[in-house]
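One structure is given here, and the rest of the page talks about it.
The values are calculated or read from the model by the stated rules, or taken from the named source; none is laboratory data. Fair warning: this is a prediction, and the values are worked out from it, not measured in the lab. FYI the Cβ positions are ideal-geometry reconstructions off the backbone, even for glycines, and counts take in every protein chain you see.
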Amino acid sequence: MIKRLLLLGATLFGLVVGVARANEFLSPEKAFPVIAQSNESGFVEFQVQPQKGYYVYKESIKFKVLKSLQGVSQDVLGVPVLPPGKIKFDENFGKNLETYPKEFLVKVPAQQKLLSAGVIVQMELQGCADKGICYPPMQLNFTLAAPNVSVAGVLAEEPDVPSEPAGLADLWSARDDAGQLTNLLQNISPWILLGAFFILGLAMALTPCVLPMLPIMSSVVFGAKTERHQEISKLRSTILAISYVLGMAIMYSIAGMITAALGANIQVFLQNPWVLVGFALMLLALSASLFGLYELRLPEAIHNKIDRLAGKQEGGSVIGAFLLGAISTLIASPCVTAPLAGVLAFIAHAGSVPWGGVLLFVMALGMGLPLLLLAIGAKGLLPKTGAWMLLIQKIFGVLLIALAAWVVSPVFMKSSAEKSQGIHQLSSGLTFQVVTTSEQLDAALRNAKDQNKLVLLDFYADWCVTCKEMEVLTFSDPSVVEKLKTYELIQVDVTKNTANQQAILKRYGLFGPPAILFFDRQGQERSSQRVIGFMKASRFIERLE
């Protein structure tokens, strides 16, 4: 059975990968390649080559000297000479803007001394794709060679800051901060990484999405009827527990491989309203079994066949435990916790399908360890009478109903009237400017830059459970409200999950809401301050400082 499941998973994975790379956008340096050269006539010439389907804004083009030779002032560049562009009406700015959809030449006057080899000139430009995505401003560095020698622009990067190797203690302290967690995971040895994922799995086993599965596991390990609890041997319960954990681990492993192949689309899918409703219905169905409305087991005919093949089934079936382990991963997945978001971000960044499968397999083993320990010590942990276990089952049944309501509640929440007018005001008094397209976002960011303001960029959706938690528990804190008074608050609403909104998420390397990005007064993102998933107020304040 396990071999068949693996074969099915591999087949589905192959089909998904076949269409995974459709409609890809070019990276900015490939969409807008630039070649520069100096000449003896006193100009530095920049040949800009927008690819088909892309264009550059004329007003975004700027130049400055990053490194000059001794005795040469950095303020030696003249006014750039640009050719006429194609007039394009921009709905966000409400005016006509000049754009360059084809190759063009920019001539920058410069002092003769600047034309010497070794001088570094930086060019800034911004462009968009006809399909709807707009790129953030891009800086290209050119190390000038001898006159009439062409050099290609190199994308400017933030300087590397030396850091000490990350340890497991660092990973634990970052367990509820996916942004910091992802950064730590980039600089760690493979063996420590495997141990880290195992510990992350243990931490995730304590979340509300996993805790209610304990009675489900109990019903599989010990049998559905309380009277049979005392008949189960430790060996039998351990075998069933291992089967359950393997089912969970294999499903997570498949999810890891798909994440590595599809990247940002996974988390968006798991937050789809229809998916959330489906999981809520599954939770309600499982809660019904805890109230005794039905027994969670395979059909009698199949169960008897397995009994004949595998021997007497005292507490439950091995295959049944395996399938329930797989189902448990589907129930836990819609809860966007920071550890899971960080894991997905790391796997997508690595882009290794086998490595993604191994890491999530190990993480699932960590998640299953408490269940395995419960099975090994089941006989000593269980009460002598069955009434107590029935009461516990009903309590967990209530918890599952509450969890179902919590998971599905955002689907039925309507956007406020204010939101339709382009603003979203919280009860705490914080007011966000709401944008839904890349064009609106670029206009809002440019406006904040022109006003020399810091920016908090919040990714939100009506169906995002954790987004509601951030609003109620973090953005309502008086200290947080006070700190954010100096920020321009912009909210990207991706509720409708349009192609344009998916492009915005991909542009910033995000899987879905919630995510909070910070930009300085020059419009540059401070990536070390990223917040992905829920973050309590006290830690959020630290992030703002």
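Sort out which residues of the range 59-110 are among the aromatic types (F, W, Y) and modelled with pLDDT under 85, and write them in order of number. Walk me through how you get there before you give the answer.
First, pick out the residues of the range 59-110 that are among the aromatic types (F, W, Y): 63, 89, 93, 100, 104.
Result: F89, F93.
Got a sec? Which helices (runs of 4 or more DSSP H) wholly within the range 434-538 have at least 1 residues that are under 19 Å from the mean Cα position of the chain (by Cα)?
Per the criteria, 438-450, 465-469, 499-507.
Do you know which residues across the range 35-60 are over 13 Å from Y100 (Cα atoms) and in contact (Cβ under 8 Å) with a residue 40 or more places away in the chain?
Initial filter on the range 35-60 (over 13 Å from Y100 (Cα atoms)): 35-46.
Residues satisfying the conditions are I35, A36, Q37, S38, N39, E40, G42, F43, V44, E45, F46.
Out of the residues in the range 531-545 that are closer than 12 Å to L473 by Cβ and not charged (D, E, K, R), state the one that is surrounded by the most Cβ atoms within 10 Å (Cβ to Cβ).
M535
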